[in-house]
Amino acid sequence: MKIVRRLNPILLFLLFAAVIYPWRDCPAQRDKIRQAEREIKTSKSKLEEIEEEIRTKDERAKGLAKQEHGLAVQIQDIERRIDKSRQTLKSLNSEIEEISAEINYINHQLAVLAQKLKGKKAILYRRIREIYKRGRLHEVAVLIGSHSFTDLLKRIKYLTLIAGQDKRLVREVGGLQQTYGEYRRASERKLALRVTRKEELEREQQSLQSSETQHQKLLKSVKTQRAEVLKALEERKADRERMRSIIAELERRRLEAQEKAKREGRILPPETAYLDGRMGKLKWPVAGGRMIRGFGPYEDSMTRTRVINNGIDIKAELGSEVHSVAGGTVEIADWYRTYGKMVMLYHGSGMYTIYGHLGEVFVQAGDFVAEGQTIASVGATGSLEGPLLYFELRNGGRAEDPLKWLGRM
């Protein structure tokens, strides 16, 4: 018991020390834990920042890809809207001209009616004055003054004729007044309609101006984006190559038609070769233009890439007339990708001419056109450089330098 009592204080001290010792180091451990937690939190925050940056860059890349695709689509939509506005303006102008012509005709008729009415009214007023001066019993006095029964009958006849003439005069004046009123109301309606159409015309002109401004802004935006320009150049290159396939298909169909006619014993009329012997003699498709890019390879100034041009680009005023360089048949008259609004003519013997970036087109597929005929106007559809005419000449699908065929500008 003495030993136990002697050991108890020692055991108690050791036990106390064992229990208390960890708590003496606890603040240091807590600091280490807190530091570790801070480092973990910092690392986690950096990781989140990195992930956010990756997401942002990914979204930006996707956005740029959409924007690149979207700009081309927007430009095409605006070009179609501009084309529609121009057609609407043309229609409204034609309608206003027709209404003005109708108003001029109505005004002329009103002037004629007014003159007739004036003359008839003068006669009617003169008759009324005469009747008033002679009094109500004038006819009775005329009849009483008859010398014989025969004279009485004559006087009755003449008075009846005069009364009938007066009645017709009154009806005629009334009819002229009614017709005059109808023409006057028609004139007022036409004038109101012309005012309405002119207001519509002004609104459409404002819409067109807004679309053209937006179009120019988008074109400028596209020009500042190298990737978009590169993409457009690649698309244009692909479309120019695709044109060879289109012409090959047209030639295949033509040969099939000839073979079919031969099998059926039919004789097709001989094909006219409108370009035979015309090399260096053709007139330019647009007057007053300036060639800004020739046939063959060139370096794009923005992208510094080598590009092949299968035709020539002629800078010209918007709306300038585009003429056929020779007689031929319209094969295509429609929108075609980077050509914009395009017309393709077949001139016989496998020779084709192509007119691109057009504004208004005046022909349709199947039409025959004569040399020098106006087939379209200069536009900016599908163009990244504003209004210009793209002119291409192909021989059996192979592009040839148009300058070899064209005479002096």
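Quick one: dipole size for segment 226-404, taken about the Cα centre, charges +1 on Lys/Arg Cβ and -1 on Asp/Glu Cβ, in debye to the nearest 20.
Details: 27 positive and 26 negative charges, 89 e Å.
Once rounded to the nearest 20, the dipole reads 420 debye.
In this label model, E385 and R134 are separated by 9.1 nm, measuring between points 7 Å along each Cα→Cβ vector.
Contact order, relative form, for segment 226-404: 23 percent (alpha carbon pairs under 8 Å, 6 or more residues apart, mean separation divided by residue count).
Can you put I312, I99, I156 in order of Cβ neighbours within 10 angstrom, beginning with the fewest?
Least crowded to most crowded, the residues run I156, I99, I312.
Let me make sure I get this right: for segment 226-404, a, b and c are the square roots of the gyration tensor eigenvalues over alpha carbons, sorted descending. Under 1.5 in a/c it's rounded, otherwise prolate if a/b > b/c, else oblate. Which is it? Here segment 226-404 falls in the prolate category.
Would you work out the charge dipole size for segment 81-223 about its Cα centre, treating the Cβ of every Lys and Arg as +1 and the Cβ of every Asp and Glu as -1, and quote it to the nearest 20 debye?
Values: 31 positive and 17 negative charges, 103 e Å.
Result for segment 81-223 is approximately 500 debye, rounded to the nearest 20.
Return the subset of K262/K283; K84/K190; K217/K341; K120/K154; K121/K154 for which the Cα-Cα distance in this structure is over 32 Å, preserving the input order. Violating the 32 Å limit, Cα to Cα: K262/K283. One decimal place: the segment K262-I162 gains 27.4 nm when fully extended, by the rule 0.36 nm per residue minus the C-alpha distance.
Taking a point 7 Å from the Cα of R127 along the Cα-to-Cβ direction, the residues of segment 159-180 with backbone N closer than 11 Å to it are 161-174.
Multiply the residue gap between S210 and I96 by 0.36 nm, knock off their C-alpha separation, and tell me the result in nm, one decimal place. Spell out each step's value before the answer.
On the way: separation 114, 0.36 × 114 = 41.04 nm, distance 2.29 nm.
Result for the pair: 38.7 nm of gain on full extension.
Taking the number of other C-beta atoms within 10 Å as the exposure measure, put L176, L255 in order starting with the fewest. Show your work: numbers first, answer last.
Working: L176 18, L255 10.
So the residues, fewest neighbours to most, are L255, L176.
Sparse packing (at most 11 other Cβ atoms within 10 Å of the Cβ) combined with a DSSP loop state is found for the following trypsin sites (Lys or Arg not before Pro) in segment 316-409: R408. Note on L169 and R203: with the Förster distance fixed at 41 Å, the Cβ-Cβ geometry gives a FRET efficiency of about 0.20.
Which listed residue (L89, I162, L191) has the Cα farthest towards the positive end of the charge dipole for segment 81-223, taking +1 on Lys and Arg C-beta and -1 on Asp and Glu C-beta about the Cα centre? Checking the options against the dipole of segment 81-223, the answer is I162.
Given +1 at the Cβ of Lys and Arg, -1 at the Cβ of Asp and Glu and no other charges, the dipole of segment 273-379 around its Cα centre is 400 debye to the nearest 20.
Ordering P270, V369, T381 by Cα displacement along the dipole of segment 226-404 toward the positive end leaves P270 in first place; charges were set at the Cβ atoms of Lys, Arg (+1) and Asp, Glu (-1). Normalised by the number of residues in segment 304-409, the average gap of Cα pairs under 8 Å and 6 or more apart makes the relative contact order 33 percent.
Applying 0.36 nm per residue to the separation of A192 and N104 and subtracting their alpha-carbon distance, the gain on full extension is 30.3 nm.
Here, each number is a calculation from the coordinates, and none is a lab measurement. Since this is a predicted model, take the numbers as computed values, not measurements. Because the Cβ atoms are built from the backbone with ideal geometry, glycine has one as well, and the counts that use them run over all protein chains shown.
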